[in-house]
Amino acid sequence: MKKLLSCLVVFAALCTGVTAATAKEWKDIRIGYEGAYPPFSQIGADGKPSGFDIDIVQALCAQMKANCTLVQVNWDGLIPALQAQKIDAIVASMAITAERKQQVDFTQKYYNSPRRLVAAKSSPIKDLTPETLKGKRIGVQRGTLGDKYATAYWLPLGVQVVKYATQDDVYLDLRAGRIDAALQDAAQAYTAFLNTPKGANFKFVGDPIVGTTPEQKTLLGEGYGIPVRKGDDDLRQQFNQAIDAIRANGTYQQINKKYFDFDIY
Amino acid sequence: MTTLDALLLDYPAYLHGLWLTLQLATIPLVVGLAGAIPLAVLRIAPSRLLSLPVATFTYFMRGTPMLAQLMIVYYGLGQFEWMQRAWQNGSPLLLLLRDPYYCALLAFTLNTCAYTTEILAGALRATPYGEVEAAQAFGMSRVTAWRRILLPSAMRRFIPAYSNEVILLLHGTSIASAVTLVDLTGAARDFYANYYAPFAAFLLAGAMYFCLTMAIAVVVRRAEKKYLAYFQPRQTPHAKGR
Amino acid sequence: MIDLMLSGYLPALLRGAEITISLAVLSLGLSIFLGLVGALAKQSRSRLLRGLSTIYTTVIRGVPEFVLMLLIFYGGQIFLNLLFKAMGLHPPDLNAFLTAVLTIGFIFGAYFTETFRGAILAVPRGQMEAALAFGLPQWKAFFRILFPQMLRIALPAAGNNWLVLLKSTAVASLIGLHDVMFIADQAGRVTQTPFTFYLAACIVYLVLTTGSTRLLNRLNLSYSKGVREGRLQ
């Protein structure tokens, strides 16, 4: 009996010890960002990053009282860097999709914005019907939701999907007339392009794309979240709590107002 | 799905990429070589007026990375208003530059032309003076001397160096995906962006480039044996009594 | 004035140039080391060493450096993680700079192997024979007799390798290394004036290659002291 009791005590102690070990509190977090996606993350001439994503991550880290290091990684190197443990989380406007969930775990969303097509004001593209789009060249950033949507649903219609390494390259070629239209996030397109001098001759075409079939909706995902490695559930929960907190105490709204005159959540 | 499933599904992209890579390598090589012959002759001309423009051209093309040259032709030229207007108005020649394919062809052709010019010029310059004297002693006209003595003699020095350039250009075309072209490397990058399988994506592309390179090396070695056989050192011992 | 043309990106470009130069120099060191090892391996009596060396040069020179860089950058960290975890150690962190140095050093190690091999073969056999006949130990014979002469013969080809290496560092910008090409990309994108910045990057490269060529010419001259050139007169 005594032996059984002592075993139980040791077992209980071990249990608490084990859970304490796994439910750790992250104090030093390396966060990957892109730096080529204004106004969410961009790098100035001085080499310092700035933008909505950057401000949000700094607010989250302050909320979590954690020491966060920002690491710049090219867009298509973000998830590999996460998996290779070079970074612990990604704050780079990465959309939560079923496909990505196979590689990483996501926190809840921290903002949401649909895809939308951008074309010249004088462009013959007036809507998103297959007849109009057929044969046109549509630019996307490689590996983004716009890329996946266009490749899955427009490529079979005879649309040429042209892939670029960054969103700014897409705009460069759109302005040069090399592509007929560009598919990307609506908020980004509006703030970084249409609402600036370089996007003066361009406009949105068609409604925001949110998916008409369940299949499309699954592909398009449920907003943008913060990927962490599969299994790092404690970090994920930490971020979730922090996101709730900054939305509750008004920090989120402050940052939102700084960049957008509409609610981006 | 497993990587293997993904490969079996997407391998046609690699084949399309391979085809594009072949085009992006052979067309610049042929055009570049054709252009290099007159340019090399100008390059070794004693008159500064003739050789300096060519020298400046090769200086710039050989002193800067091909990637930078490609970016200038594609993104750089596209920035200018006059170019964009030309595209809108449909002016035929400039319209070609709107297409990344022709931009890449132009950049690669200029680059390989410059290198080939220098290789050929070097080979011509290294002609032993005795051969030139002998040609003159025989009373050959300029054209005949070039045709029968100088160019064949230069070929012996040119072909090994040029075969190297061919392979380097083939490898150089792998940057084409930096301007949206889906060549062999571009297909690998797309595959990787979709499935996050780096080894499958890039090892397959690497293996295909390797096969191409080996094929070129074999062809060059056969050609060298056949056409430059009479330049090779003696293979058999001297005959007795000589 | 130049600063105005570059919209304040001049310091960034210079920082990028610094990265380019350090990448090139470090890769050069690695590739010369690998080149010597490879060349010696090719001369060795061991069939295994000769075979490995041949596989090394054949495979590396048969694949584009960009593909190799992508493979090592995206696959390398995963590979290292697996390897080190299996050994129970903490895996090292592969950043873009380290990846680029390893890749470029590794690739040009193959080219230098061929350069050094050709140069070793070009030194007359009599030199080594005489050195050994004089009673010099093998390693001394190599370092004091064979090596210096090999360097002189290898210098033109090695110089060429260096120039090619310097320019191939530009490809590292495509995997995110903040070298001068990357900065030029970024600056061009943000200001939507790519031509200006790519031209600026080209000027940086021209300065580097021209400077290198001048230096190599001078090295060539000083190493060729006392060597009579064949001339027809």
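The values are calculated or read from the model by the stated rules, or taken from the named source; none is laboratory data. The model shown is predicted, which means the values in this text are computed figures rather than measured ones. Don't worry about glycine lacking a Cβ; one is built from the backbone with ideal geometry, like all the others, and counts go over all protein chains shown.
Details
- Candidates C:Val67, C:Val25, C:Val63, filtered to the one that is away from every other protein chain (no Cβ under 13 Å), of a type in the set (A, V, I, L, M, F, W, C) and without any contact (Cβ under 8 Å) to a residue 60 or more places away in the chain: C:Val25
- Of the residues C:Phe108, C:Phe97, the single one that is among the aromatic types (Phe, Trp, Tyr), part of a helix (DSSP H, G or I), away from chain B (no Cβ under 14 Å) and within 27 Å of C:Leu68 (Cα to Cα) is C:Phe97.
- Single residue of B:Ala121, B:Ala178, B:Ala135 found to be crowded, with 21+ Cβ neighbours inside 10 Å, away from chain C (no Cβ under 11 Å), touching a residue at least 12 places away in the same chain (Cβ under 8 Å) and part of a helix (DSSP H, G or I): B:Ala121
- Residue in region A:114-124 that is under 14 Å from the mean Cα position of the chain (by Cα) and either under 18 Å from A:Pro227 (Cβ atoms) or away from chain C (no Cβ under 14 Å) (or both) present: yes
- Elements of the type helices (runs of 4 or more DSSP H) sitting completely within region B:36-94 and holding at least 1 residues that are more than 11 Å from every other protein chain (Cβ to nearest Cβ) and within 27 Å of the chain's Cα centre (by Cα): these cover B:48-63.
- All positions within region C:1-50 that are closer than 23 Å to C:Thr115 by Cβ, among the polar types (S, T, N, Q) and not in a helix (DSSP H, G or I): C:Ser44, C:Ser46
- Scanning region A:65-93 for residues that are in a helix (DSSP H, G or I), at pLDDT 85 or above and either surrounded by fewer than 20 Cβ atoms within 10 Å (Cβ to Cβ) or touching a Phe, Trp or Tyr at 6+ places or on another chain (Cβ under 7 Å) (or both) returns a single hit, A:Ile79.
- Given (1) within 14 Å of chain C (Cβ to nearest Cβ); (2) crowded, with 23+ Cβ neighbours inside 10 Å; (3) not small (Gly, Ala, Ser), index of the condition A:Gln103 fails: (2)
- Of all the residues in region B:190-208, those that are facing chain C (nearest Cβ under 7 Å) and at pLDDT 90 or above number 4.
- Of all residues in region B:170-185, those satisfying the criterion of being of a type in the set (Ser, Thr, Tyr) and touching a Phe, Trp or Tyr at 6+ places or on another chain (Cβ under 8 Å) are B:Thr173, B:Ser174, B:Thr180, B:Thr185.
- Residue satisfying all of: in region A:23-64; hydroxyl-bearing (Ser, Thr, Tyr) and touching a residue at least 40 places away in the same chain (Cβ under 8 Å); farthest from A:Asp233 (Cα to Cα) among these: A:Tyr37
- Selection status of C:Ser212, assigned to a helix (DSSP H, G or I), surrounded by fewer than 18 Cβ atoms within 10 Å (Cβ to Cβ) and modelled with pLDDT of 90 or more: yes
- Candidate set: region A:174-191, residues that are touching a helix residue (DSSP H, G or I) at 6+ places or on another chain (Cβ under 7 Å) and among the charged types (D, E, K, R); chosen: the one surrounded by the fewest Cβ atoms within 10 Å (Cβ to Cβ): A:Arg175
- When residues in region B:181-230 are screened for being more than 23 Å from A:Gly77 (Cβ to Cβ), without any contact (Cβ under 8 Å) to a residue 24 or more places away in the chain and within 20 Å of the chain's Cα centre (by Cα), 8 of them pass.
- Scanning region C:10-40 for residues that are surrounded by 16 or more Cβ atoms within 10 Å (Cβ to Cβ) and within 19 Å of the chain's Cα centre (by Cα) yields a total of 20.
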